[in-house]
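The values are calculated or read from the model by the stated rules, or taken from the named source; none is laboratory data. Because the structure is predicted, anything quoted here is derived from the model rather than measured. We place every Cβ from the backbone using ideal geometry, glycine too, and count neighbours over all the protein chains shown. Just the protein is used for accessible areas: all its heavy atoms, side chains included, with ligands, DNA and RNA removed. Shrake-Rupley method; radii C 1.70, N 1.55, O 1.52, S 1.80 Å.
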Amino acid sequence: MKRSASSTFRRAWPNVTAVILFIGFVFPVYWMFATALKPTGDIISENPVWFPTDITFEHFRTAFGADNFWTLVRNSVTVTVLAVVFSLVIGLAAAFALARMRFKGRRGFIIGFMLAQMAPWEVMVIAIYMIVRDASMLNSLVPLTLFYMVMILPFTLLTLRGFVAAVPRELEESAMVDGCTRMQAFRRVILPLLAPGLMSTSMFGFITAWNEFPMVLVLNKSSEAQTLPLWLSSFQTAFGDDWGATMAASSLFAIPILILFVFLQRRAVSGLTDGAVKG
């Protein structure tokens, strides 16, 4: 009987742990959306309302009606998408060179990118601000896009390098024997096999750039040149924070990430694991 109970416990505890972790991660997201749908009286009540029954969309109307909302949406989408696309193009080219070619300084180049990935970008805020200021590019989306690209490039390069290295050279060589140039072999043979890696790195880059806050706070003081993370801190009144509008704005801010994750999560998870162990 003791062995049976012990065996049951060993089988059950991973599932129990997974459920507890799932609740711990999902509950803040649920509370954010639930708070956005509650009347103000339920939000500030001393007795928490766990499940909103009197649903209202007033807080979402407040968020949609905020100053420059659609301008900030456009800014966030622009800098995020451009940063991800540029990092994928540059990172894929560099990853192919690192995986397929042997040249002097290759190992040091890889180590340098690993160190760049580990370094906290916040320590460079003052230096970047001075460079952008001296270039007269404050309150512009261009330096913000470039910074986001550089921020996510090391992860993109290192992950895609693992995927390129996992593709057998024989496939590329066979295509070249059949008459393809090296570029055609890359486009027709290697690139389709890199789809999981491209999806995982693009999702990571999108989330990183979409959520970035300190750099836009320092570089873009103009309300016309800011992005949505900075907009989330604007819901304050003379009586304090407007928590309903803040939660509604946070929900709107999180929806693109949730949609992206739902569509890409299967390939993204396999991409992260494959790219981490291969090459």
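Residue by residue, here is whether (1) of a type in the set (Phe, Trp, Tyr); (2) within 26 Å of Met114 (Cα to Cα); (3) touching a residue at least 12 places away in the same chain (Cβ under 8 Å) holds:
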{"site": "Leu144", "(1), (2), (3)": "no, yes, yes"}
{"site": "Met149", "(1), (2), (3)": "no, yes, yes"}
{"site": "Phe163", "(1), (2), (3)": "yes, yes, yes"}
{"site": "Leu171", "(1), (2), (3)": "no, no, yes"}
{"site": "Cys180", "(1), (2), (3)": "no, no, no"}
{"site": "Leu191", "(1), (2), (3)": "no, yes, no"}
{"site": "Ala209", "(1), (2), (3)": "no, yes, yes"}
{"site": "Leu219", "(1), (2), (3)": "no, no, yes"}
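Of all residues in the stretch 185-232, exactly one satisfies the criterion of being among the hydrophobic types (A, V, I, L, M, F, W, C), open to solvent by less than 10 Å² (accessible area, probe 1.4 Å) and outside any helix (DSSP H, G or I), namely Leu194. Summed over the stretch 136-165, the residues that are under 14 Å from the mean Cα position of the chain (by Cα) and not in a helix (DSSP H, G or I) give a count of 0. Note on the stretch 1-108: enclosed helices (runs of 4 or more DSSP H) holding 1 or more residues that are open to solvent by less than 90 Å² (accessible area, probe 1.4 Å), in contact (Cβ under 8 Å) with a residue 12 or more places away in the chain and more than 30 Å from Gln226 (Cα to Cα) are 40-43, 69-100.
Here Met114 passes the criteria (1) hydrophobic (A, V, I, L, M, F, W, C); (2) under 29 Å from Met199 (Cβ atoms); (3) surrounded by fewer than 16 Cβ atoms within 10 Å (Cβ to Cβ); (4) modelled with pLDDT of 90 or more except the one numbered (4).
Condition test on Leu98, is it modelled with pLDDT of 90 or more and within 27 Å of the chain's Cα centre (by Cα)?
The answer is no for Leu98.
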